[in-house]
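Structure, as structure tokens:
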Amino acid sequence: MQNSEPMAIIETRLAHGMHRTATSLLVEATGRPTVPSTALAELRDFLVANLHHHHESEDGLLWPMITAVEPGAADGLAALGAEHVQLDAVLDALGEVEIRDGVDRAALREAAMAVRDLVHRHLEKEEPLLFPALRDHVSPEAWADFSQKVIATSPTEAAHLMVGFFDEVGTPEEVESVLSALPEPARQFVPMMRTQAQAGLAVLRA
């Protein structure tokens, strides 16, 4: 971990890494006939809920926080917000796909590919604008307040997968720093969530 990196960038980088990895994994797993429908549905529901929550937190909280300090960032952030509308549409389509044994997975794969492709393109555009803004215009105190609001409203669907994906995309020190912001009752469950996530991800990759 780079000691000079603020928590705003570390947390955002891990979240984006999770979204890249999870969207790619769903596409890959739909092509494996041995992956149970229950595992696919769990990952799908996790992705839909968390991606909705992530961009709603950006639109509703983070973008206003940044533009209040740096009005010049408004146009770029507004363009990113417009892409969030497109993301809503493909996420809703993915969420509506029926996933159960005996059902052809072609529709699921197509919907998962649409989400993956849009998320990856969107993050490539977002990070060159967002990371400098986080570094230069968001104080540690403002980020901590934002982060706590995000945690308090985070979806609970398959929350253990978040721990597993963080472990894959971040260093142990980065993951510990991010998870240390969880409320104490939730931190007690992290070891169990990690074990559950490892098992679930192994099934998806089998």
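The values are calculated or read from the model by the stated rules, or taken from the named source; none is laboratory data. The shown structure was predicted, so the numbers you read here are calculated from the model rather than taken from an experiment. Note: ideal-geometry Cβ built from the backbone for every residue, glycine included; neighbour counts use all protein chains shown. SASA here: full protein model, heavy atoms, side chains in, ligands and nucleic acids out. Shrake-Rupley method; radii C 1.70, N 1.55, O 1.52, S 1.80 Å.
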Completion exercise
Everything considered on the Cα gyration tensor (a ≥ b ≥ c; rounded for a/c under 1.5, else prolate if a/b is larger than b/c, else oblate), the chain must be described as oblate
Practice task
Working from Cα positions, state the angle (0 to 90°, nearest 10) between the long axis of helix 106-137 and the longest principal axis of the chain.
Solution key: 10 degrees
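What part of the accessible area of the range 51-161, given as a whole %, is carbon or sulfur when the probe is 1.4 angstrom?
56 percent
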Problem - Cα-based helix-to-principal-axis angle, 7-30 vs the chain, degrees rounded to 10 - result: 20 degrees
Exercise for the section: Can you work out the accessible area per residue across the chain, with the rest of the protein chains kept in place, probe 1.4 Å, in square angstrom? Expected result: 48 Å²
Handout entry: the chain - percent relative contact order, Cα under 8 Å, separation 6 or more
Key = 37 percent
Practice task
Can you pull the one-decimal nm distance between simple spin-label points at SER24 and THR171, each 7 Å off the Cα toward Cβ?
Solution key: 2.1 nm
Handout entry: J(HN,Hα) series, the range 40-56, from Karplus relation 6.51 cos²θ - 1.76 cosθ + 1.60, nearest Hz, glycine and proline x
Key = 5, 5, 5, 5, 4, 5, 4, 5, 4, 5, 6, 5, 4, 5, 4, 6, 5
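Taking 1 over the mean of 1/r across every pair of different Cα atoms in the range 164-206, what Kirkwood radius in Å do you get?
Working: mean 1/r = 0.0907 Å⁻¹.
By the Kirkwood definition, the hydrodynamic radius is 11.0 Å.
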Practice task
Kindly provide the trypsin sites (Lys or Arg not before Pro) of the range 103-206 that DSSP labels as loop, not H, G, I, E or B, and whose Cβ sees at most 16 other Cβ atoms within 10 Å.
Solution key: none
Handout entry: Residues in the range 122-158 that a label on ALA199 would reach, taking backbone N under 16 Å of a point 7 Å out along Cα→Cβ
Key = 158
